[in-house]
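Chemist: Just passing along the structure, written as structure tokens.
The values are calculated or read from the model by the stated rules, or taken from the named source; none is laboratory data. These numbers come from a predicted model, not from an experiment. Don't worry about glycine lacking a Cβ; one is built from the backbone with ideal geometry, like all the others, and counts go over all protein chains shown. Keep in mind that these areas ignore ligands, DNA and RNA; they rest on the heavy atoms of the full protein, side chains included. Shrake-Rupley method; radii C 1.70, N 1.55, O 1.52, S 1.80 Å.
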Amino acid sequence: MLKIGCHLSFAKGFLNMGKEAVKIGANTFQFFTRSPRGGQAKELNLEDIAAYLNFAKEHEITQILAHAPYTLNSCAKEEGLRQFAYHTMCDDLERLEHIPEAMYNFHPGSHVKQGTEIGISYISDMLNKINEKGYSTMILLETMSGKGSEIGRNFQELREIINQVENSSHLGVCLDTCHIFDGGYDIVHGLEQVLEEFDKSIGLERLKAVHLNDSKNELGSHKDRHEKIGKGNIGLDAIASIINHPNLRNLPFYLETPNDLEGYQREIALLRKLYRENKSLD
Ligand code: FE
Ligand code: FE
Ligand code: ZN
């Protein structure tokens, strides 16, 4: 069974997100842990979480993905900004301890003229510090499009981060199809080679989630503008190959396409139709 959902608003809590997911035919979802611009997270509501966990079990919602605010920069030049990223992520991970099976995704950051090497060392320093806390949640590094000075513009940069983390057993990768396409990986004509490259540099066993997005821009544009499924330069055929690929088909897919809930519902229905159920592989 295809594990698919979309980005939902956390504003009304976990139970509400679970209900929305079921309403649109999703069996997982993603949400921002707090306003994407950073800021205070809502008070943890343990009743809401308990109600959600019951609901999720009943409706087979699994592998939900918490997304860190995208304004955090764990490799900023200014120490205060790096500290802020660290404390915010610790606070998020502390909360996620209440939700077994959730994963936590973050953008590695932008080195802003400090250079890739320094950027990577700051990011892994932070991850090493987070490790000392002993959280149980799987942390995912997102593949980025390489706009500006983003770290994670290719698979090797993520490999470098992982290499510099002492205990990386809780570290994985979330592959964003729009980002890697904009980053220059031709998943339209060479999905097989791209996945081979991923396997060689990072290892496919690290791949834990897919952000399923079409792209408004061209291959290698380094732009990062998501498009609706089938309406962009990746296109429906390539997206069908992605969700059916033997190395990807059992991963959770999260839509981050420009859509309202009905739009997401239509995309999920479309993708379920394109998914080839294959008992022997599941
Ligand atoms: Fe993201
Ligand atoms: Fe993404
Ligand atoms: Zn993006």
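Chemist: Taking the options Glu142, Glu150, name whichever one is within 15 Å of ligand 1 (Cβ to nearest atom) and open to solvent by less than 10 Å² (accessible area, probe 1.4 Å).
Modeler: From the options Glu142, Glu150, the qualifying one is Glu142.
Rundown of residues vs (1) open to solvent by less than 80 Å² (accessible area, probe 1.4 Å); (2) in a loop (DSSP other than H, G, I, E, B); (3) within 16 Å of ligand 1 (Cβ to nearest atom); (4) more than 28 Å from Gly18 (Cβ to Cβ), yes/no style:
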| residue | (1), (2), (3), (4) |
| --- | --- |
| His189 | no, yes, no, yes |
| Val194 | yes, no, no, yes |
| Leu248 | yes, yes, no, no |
| Glu262 | no, no, no, no |
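Chemist: Counting only residues that are under 28 Å from Tyr70 (Cα atoms) and either at pLDDT below 95 or exposed (fewer than 15 other Cβ atoms within 10 Å of the Cβ) (or both), how many does the range 267-282 have?
Modeler: Number satisfying all stated conditions: 0.
Chemist: Can you tell me which residue is least open to solvent (accessible area, probe 1.4 Å) among those in the range 224-235 that are among the charged types (D, E, K, R) and in contact with a strand residue (DSSP E or B) (Cβ under 8 Å, 6 or more places away or on another chain)?
Modeler: Applying the filter and picking the extreme gives Glu227.
Chemist: If you go through the range 35-76, how many residues are more than 30 Å from Met1 (Cα to Cα), open to solvent by 10 Å² or more (accessible area, probe 1.4 Å) and either within 16 Å of ligand 3 (Cβ to nearest atom) or in contact with a Lys or Arg (Cβ under 8 Å, 6 or more places away or on another chain) (or both)?
Modeler: Adding up the residues that qualify gives 10.
Chemist: On to the next question. Within the range 125-156, take every residue that is within 26 Å of Ile64 (Cβ to Cβ) and among the small types (Gly, Ala, Ser) and give me the one that is nearest to ligand 3 (Cβ to nearest atom).
Modeler: Among them, the one singled out is Ser145.
Chemist: Please specify each residue of the range 196-220 satisfying the condition of being in a helix (DSSP H, G or I) and either more than 23 Å from Ala66 (Cα to Cα) or in contact (Cβ under 8 Å) with a residue 24 or more places away in the chain (or both).
Modeler: Result: Glu196, Glu197, Phe198, Asp199, Lys200, Ser201, Leu204, Arg206.
Chemist: Taking the condition of being within 16 Å of ligand 1 (Cβ to nearest atom) and open to solvent by 40 Å² or more (accessible area, probe 1.4 Å), how many residues in the range 196-215 meet it?
Modeler: Residues meeting the conditions: 1.
Chemist: Same structure again: Can you work out which of the residues in the range 3-13 that are touching a residue at least 60 places away in the same chain (Cβ under 8 Å) and surrounded by fewer than 22 Cβ atoms within 10 Å (Cβ to Cβ) is farthest from Glu58 (Cα to Cα)?
Modeler: Applying the filter and picking the extreme gives His7.
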